[in-house]
1. Go through 187, 128, 86 for me and flag whichever is farther than 19 Å from residue 69 by Cα and more than 16 Å from ligand 1 (Cβ to nearest atom).
2. Suppose we filter the range 29-39 for residues that are assigned to a loop (DSSP other than H, G, I, E, B) and under 21 Å from residue 184 (Cβ atoms); how many remain?
3. Would you point out which residue out of 11, 27 is touching a helix residue (DSSP H, G or I) at 6+ places or on another chain (Cβ under 6 Å) and surrounded by fewer than 24 Cβ atoms within 10 Å (Cβ to Cβ)?
4. Might you let me know whether the range 90-112 holds any residue that is part of a strand (DSSP E or B) and either more than 15 Å from the chain's Cα centre (by Cα) or within 16 Å of ligand 1 (Cβ to nearest atom) (or both)?
5. Examine the range 20-28 for a residue that is more than 13 Å from ligand 1 (Cβ to nearest atom), assigned to a helix (DSSP H, G or I) and touching a strand residue (DSSP E or B) at 6+ places or on another chain (Cβ under 8 Å), and state whether such a residue exists.
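Computed from the coordinates by the stated procedures, all read-outs in this text should not be read as laboratory data. These numbers were taken from a predicted model, which means no experiment stands behind them. We place every Cβ from the backbone using ideal geometry, glycine too, and count neighbours over all the protein chains shown.
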Ligand SMILES: [Zn+2]
Ligand SMILES: [Zn+2]
């Protein structure tokens, strides 16, 4: 399987960085984790047929994590003959808002199923390729919102997307301290590098990638931490690819 970062920026696009978007390819199938980048355009540029995208999972409903979702699903609905794409979002209000226009788009009956679904804590989705489990965090607690990270299991390999966290990072997924992950993708826009370091010293992983970094001056500090832990520590850039053997 291969994970490609289509977007690695925080709430605001940076030069050469779209907002958060992760593409996981398993065989011929594609799963997207957060859609803060212009997904349709980026897939077109890569000659990736939209039909390959099976499901799209959104950690929380900030636009830097979902602004490319509606465009992509609407295109799938009227333009793609055989799409299985569906979005999974944690906020029922946003689900209803997105589904209303989706019901009126398209003339292709085979795609009438395309919509977004609401998820809560626990197993969000499972098929022959992967299992996605939502882990709540406190990123939107102060505004009464819903925010999660995703535990993704693929053929015995484990990936953790922490999603956006709070400035204290006390909501860093506890499971990362007890379960071994092949790859953890986390952020550093809300907490200091010092706070990130405290959490990283507790995680069990082969590799940790930090994306969604603000301000950009932190990148140098984070890169300098590689070698301090018993896992590889990287800062992700748009178009970076990570291959994991299944
Ligand atoms: Zn964000
Ligand atoms: Zn956010």
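1. Going through 187, 128, 86 in turn, the sole match is 128.
2. 2
3. Criteria check complete, one pass: 11.
4. Filtering the range 90-112 for residues part of a strand (DSSP E or B) gives none.
Within the range 90-112, not a single residue is part of a strand (DSSP E or B) and either more than 15 Å from the chain's Cα centre (by Cα) or within 16 Å of ligand 1 (Cβ to nearest atom) (or both).
5. Initial filter on the range 20-28 (more than 13 Å from ligand 1 (Cβ to nearest atom)): 23-28.
Next, from what is left, pick out any that are assigned to a helix (DSSP H, G or I): none.
Within the range 20-28 (the criterion being more than 13 Å from ligand 1 (Cβ to nearest atom), assigned to a helix (DSSP H, G or I) and touching a strand residue (DSSP E or B) at 6+ places or on another chain (Cβ under 8 Å)), the answer is no, since none of the residues qualifies.
Okay, residues lined up against (1) away from ligand 1 (no atom under 16 Å from the Cβ); (2) touching a residue at least 24 places away in the same chain (Cβ under 8 Å):
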position	(1), (2)
183	yes, yes
191	no, yes
212	no, yes
224	yes, no
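Residues checked against (1) buried (at least 22 other Cβ atoms within 10 Å of the Cβ); (2) closer than 21 Å to residue 17 by Cβ; (3) within 17 Å of the chain's Cα centre (by Cα):
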| residue | (1), (2), (3) |
| --- | --- |
| 154 | no, no, yes |
| 188 | yes, yes, yes |
| 201 | no, no, no |
| 215 | no, yes, no |
| 220 | no, yes, no |
| 235 | no, yes, yes |
| 238 | no, yes, yes |
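Here's the yes/no breakdown for (1) within 20 Å of residue 91 (Cβ to Cβ); (2) within 16 Å of ligand 2 (Cβ to nearest atom):
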residue	(1), (2)
19	yes, yes
34	yes, yes
42	no, no
47	no, no
52	no, no
61	yes, yes
65	yes, yes
69	yes, yes
73	yes, no
